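Visitor: Before anything else, here's the structure in question.
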Amino acid sequence: MTANISSAVSPGKLILLGEHAVVYGKPAVAIAIDRSFKCTVEKSNRMTLNGNPISLDYHPHVKTILKTHGIESLALTTESTIPATSGLGSSAALSSSLSAAVRKLAGEKIDKEEIANEAFNAEYVAQGRASPLDTSCCTNGKGISLNCPDNMGEHLWTISKESNTWNISEIHVPEMTFVIGYTGIKAPTGPLVEKVRRYRARNTFAADIINEIGDVTLEGMKAIDKNDVEQLGRIMTKDHKLLSILGVSCNELNKLVNASLDYSYGAKLTGSGGGGSMVALTDKPKEVCDTIRLHGGEPFVVKTNVEGVHVI
Ligand code: MEV
């Protein structure tokens, strides 16, 4: 039976290892966090967002998803506790929750693999280039890895685009404490992904760094498997250095990462960088929050391993 109104919620995510390199098919790990994005959709012959008329041309994620379902307009209401363009998955969670809400409205089945594919397509169109890391994480929830060795994790689905294939698995991430430090700098993903693409196209050194990020991510997966927080922390910090060499960090992120290291196993930028957020793995969350605040960031402790997209 079809409804006239439906809602769905998706969690945000933090990327533990492998951002940017994952766009080129390298491995990566992300975890769903207890920040979320909710979409409510209602049948309407005017396209509105939070009560205001909009043109879909300025909202590529929404446009792509509605087009997939042959819908020209609806009334969309959004509520989010994920800061926008902060590296914590707000656009992936929008795409995933919108896909689920629209499916419910259209009387279609709520299939996570189909939602993950649809949300990835929306990100790809909006960003110009993307991996399915964020969208699969926000859809599945818990912890996921892309292109991890066969013996780690439980295979969820496979997504291919152009010459890349990503095997997406759910992995068990032991209880760990993560503190996010938000720089307050809004940093859209598309231009940073494009910056890395140009660097890689011009310079074999950039390709080497991308390969090295892939290698440290595999080491990190082994540390997660063994619940070795000290080793995982060291690998996160190494990944941050590689991402800095790739040109996607910034002074504000480096400041928060360096300050956190005094009280953490490791710390790194999370997401596309250029601003946005960093993450520290720690057992001293209070001290990390204090130092992040002292260095101009907005700290918050996140709960991980939360549920993926669900209709409410
Ligand atoms: C952005 O959260 C993660 C990136 O690797 C881009 C992507 O995977 O699409 C930078």
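Visitor: Amide H neighbours of residue 35 under 5 Å, counting only residues 5+ apart in sequence or on other chains, H built in-plane at 1.01 Å?
Guide: Here the answer is 12, since their amide H atoms fall under 5 Å of that of residue 35.
Visitor: Hey, in the GNM for the chain with a 10 angstrom Cα cutoff, which one of 278, 152, 236 fluctuates hardest?
Guide: The residue with the greatest mean-square fluctuation here is 152.
Visitor: How high is the relative contact order of region 187-312, in percent, with contacts defined as C-alpha pairs under 8 Å that are six or more residues apart?
Guide: Across region 187-312, relative contact order equals 21 percent.
Visitor: What is the antiparallel percent of DSSP beta bridges lying wholly in the chain, to the nearest 5?
Guide: 95 percent
Visitor: Starting with the highest mean, order 194-203, 99-108, 115-124 by the number of other Cβ atoms within 10 Å, averaged over the residues of each peptide.
Guide: 115-124, 99-108, 194-203
Visitor: Round to the nearest 0.05 the FRET efficiency obtained for residue 219 and residue 258 when R0 = 30 Å and r is the Cβ-Cβ distance. Don't skip to the answer; put the middle values down first.
Guide: Details: r = 22 Å, r/R0 = 0.74.
Once rounded, the FRET efficiency stands at 0.85.
Visitor: To the nearest 10 degrees, how steep is helix 251-261 against the longest Cα principal axis of the chain, on a 0 to 90 scale?
Guide: That helix lies at roughly 60 degrees to the long axis.
Visitor: What list of ³J(HN,Hα) values in whole Hz, one per residue of region 49-54 in order, does the Karplus curve 6.51 cos²θ - 1.76 cosθ + 1.60 (θ = phi - 60°) give from phi, with Gly and Pro shown as x?
Guide: Couplings: 10, 6, x, 9, x, 9 Hz.
Visitor: Kindly put 138, 289, 39 in sequence by how many other C-beta atoms sit within 10 Å of each C-beta, fewest to most. Don't skip to the answer; put the middle values down first.
Guide: Numbers: 138 33, 289 22, 39 27.
Taking fewest neighbouring Cβ atoms as first place, the list is 289, 39, 138.
Visitor: Sticking with this one: Please list, in chain and number order, the residues 5+ apart from residue 44 or on another chain whose amide H is under 5 Å from its amide H, with Hs placed from the backbone.
Guide: For residue 44, the qualifying residues are 75.
Visitor: Net charge within 15 Å of residue 8 by Cβ-Cβ distance, Lys/Arg positive one each and Asp/Glu negative one each, not counting residue 8 itself?
Guide: Once all neighbours under 15 Å are counted, the net charge is -2.
Visitor: Return a whole-number percent for the relative contact order of the chain, with Cα pairs under 8 Å and 6 or more residues apart as the contact set.
Guide: RCO, the chain: 24 percent.
Since every read-out is calculated from the coordinates, none of them should be taken as a lab result. In this text the structure is predicted, and so the values were computed from the model without any measurement. Here Cβ is always computed from backbone atoms with ideal geometry, including for glycine, and neighbour counts include all displayed protein chains.
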